[in-house]
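Read the structure below first, then the notes.
What follows draws every value from the coordinates through simple rules; no lab data is involved. In this text, all values refer to a predicted model and were calculated from it rather than measured experimentally. Glycine gets a Cβ as well: all are built from the backbone with ideal geometry, and neighbour counts include every protein chain shown.
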Amino acid sequence: MQANAVVDPRVIGEWLEAGRRAPSGRTRDILEKAETAAGLTPDEAACLLWVDDEELEQELLGAAGKVKDCIYGKRVVLFAPLYISNYCVNDCAYCGYRAGNHGLVRRRLSLSEIAQEVIALESMGHKRLVIETGDDPDHCPLDYVLEAIATIYATTHERGNIRRVNANLPAATVDDYRRLKTAGIGTYVLFQETYHEPTYRRLHHGPKADYPWHLQAMDRALTAGLDDVGIGVLFGLHDHRFEVLAMLAHADHLEGRFGVGPHTISVPRLRPAPGMNEGLLASPVSDRNFKRLVAVLRLAVPYTGLILSTREKPALRDELLAAGVSQISAGSCTGVGGYRRGEPAAPQFTVEDHRSPDEVIRGLLESGYLPSYCTACYRQGRTGDRFMELAKTGRIKDVCQPNAILTLKEYLLDYASEQTRDIGERALAAHLTEIVSPATRDETVARVDRIASGERDLYF
């Protein structure tokens, strides 16, 4: 497969130019369509990326918030990254783990150290993790990663357990993806970093520099039988408008070939990292443009989970939730072994939100959101095209709402501070009233009572 069969830069250029020239009347027509949660074609999204009028921009952000609520309600999923190895054979200009960063102390956690990290995360209340590694087949082979995943699932502490492990791992073969599926991962995540091939080749050295191999990783993952994949770019490496349209083209390609688009789209923004070659990086994305592109992604692919990391400051994270983000990390450490030690570890990048999960959850509750540690869809078989069918019709929130309430009740009982518990109990009662089906609402109330009596891990 040729790379331009997935992402054709010539076509993207045509979309961008047409979008730049689009009259305001066309932009308003596109916004009107977008508010129906029907999604947008890349060329329609291109028009919205050029919005500069303040009134239109507010309409754009408002429409994205409405669509997010239509599909997911007020639910916000929480997770944490777990870095298990920082060995890497690649020399990527933007990354603190790059091979050329000779000042970095390289580490790979033992299985017992992984278990200690998991206990630390479970003690915060986390139920879902994304496992992270550098790319080094000798120091971090797939066999080790599979043992790590098994260790995570097997480690429990008091009432805590990790119910879903997602995996952000280097591009691999179909056979290796089959092994990851057997290990029981949730979503396989891989960022393209940048879809602009000349920029990609300039910034990458090592095995990762193979642009077509990296670009087609999701095709191989889905061919191997993995149900859910997550894509993303590192905003700041190239023009953000090009990157958004390239991601949408990639999503269309996966939908057309496999009948299922990306389960998640991540929107990390470039941040300083120890040893980073800053001289090669020249496309910063302003807060305003960042909010706009998040809103456009929400409107273009309303069914997809939009993920925001702790790279961003708390105030901006709140604004991005209103613009369509549906999943956030909390209490993150981006260094190997940082959770159990409770001390700084050499990070892959700089974190801007240093709040604990309890502080993040309290902030979400105060803003009217429903924090969720739900992992039910994976265990109920609501994955791949089955999840997409529910998400595209807006029916996914019929199970997401009650499941989020149940996981919130667990958190409030087992981990919350007194202040968060008080706010959370009031919020929980309010969110219960928003369950549309009387039968589902009554059953959710009954299960909340069962959790209060000591049961755990109840879900629809």
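Descriptive notes on the structure:
- Counting only the Cα atoms, the chain fills a convex hull of 130 Å³ per residue.
- The range 370-431 - Debye-derived log10 I(q)/I(0), Cα point model, q = 0.13, 0.14, 0.16, 0.21 Å⁻¹: -0.40, -0.46, -0.56, -0.80
- When the Cα atoms of the range 106-147 are aligned to their principal axes, the ranges along those axes come out at 33, 18, 17 Å in descending order.
- In terms of other Cβ atoms within 10 Å, Ile231, Ile423 run from fewest to most in the order Ile423, Ile231.
- Excluding exposed DSSP-loop GluC sites (Glu not before Pro) (at most 13 other C-beta within 10 Å), longest clean stretch of the chain: 159-433
- Applying the criteria of a DSSP loop state and at most 16 other Cβ atoms within 10 Å to the trypsin sites (Lys or Arg not before Pro) of the range 339-408 yields Arg355, Arg395.
- Per DSSP, loop trypsin sites (Lys or Arg not before Pro) in the range 58-92 with at most 13 further Cβ within 10 Å: none
- Legend: Rg and Dmax of the range 396-452, from Cα coordinates, 11.0, 32 Å.
- Whole-number D in µm² s⁻¹ for the range 320-370, Kirkwood Cα-pair radius fed into Stokes-Einstein, 37 °C, 0.692 mPa s: 264 µm²/s
- The DSSP beta bridges internal to the range 70-354 are antiparallel in roughly 10% of cases.
- In the range 166-209 the Cα-Cα distances spread across 10 Å bins starting at 0 as 24, 43, 27, 6 percent of all pairs.
- For the pair the range 126-142 / the range 343-375, the C-alpha centres are spaced 21 Å from each other.
- DSSP H segments from the chain that extend 24 Å or more along their own axis, Cα-based, with Kyte-Doolittle mean of -0.5 or above: 54-72, 240-258, 397-414
- Each of Tyr303, Tyr177 was scored by other Cβ atoms within 10 Å of its Cβ. Listed from fewest to most, they are Tyr303, Tyr177.
- Among the cysteines of the chain, those with no neighbouring cysteine Cβ under 4.7 Å are Cys47, Cys70, Cys88, Cys140, Cys333, Cys374, Cys377, Cys400.
- The ellipsoid equivalent to the alpha-carbon distribution of the range 304-460 has semi-axes of 28, 20, 16 angstrom, derived from the gyration tensor eigenvalues as √(5λ) and listed largest first.
- Over 21 Å [Cα-Cα, the range 95-199], rounded percent: 42 percent
- Based on Cα contacts under 8 Å between residues 6+ apart, the chain shows a relative contact order of 20 percent.
- Building the convex hull from the alpha-carbon atoms of the range 49-133 and averaging its projection over directions returns 9.6 nm².
- Size descriptor for the range 189-293, Kirkwood hydrodynamic radius: 14.5 Å (Cα pairs only, one decimal).
- Volume of the convex hull of the range 141-258 (Cα atoms only), normalised per residue: 124 Å³.
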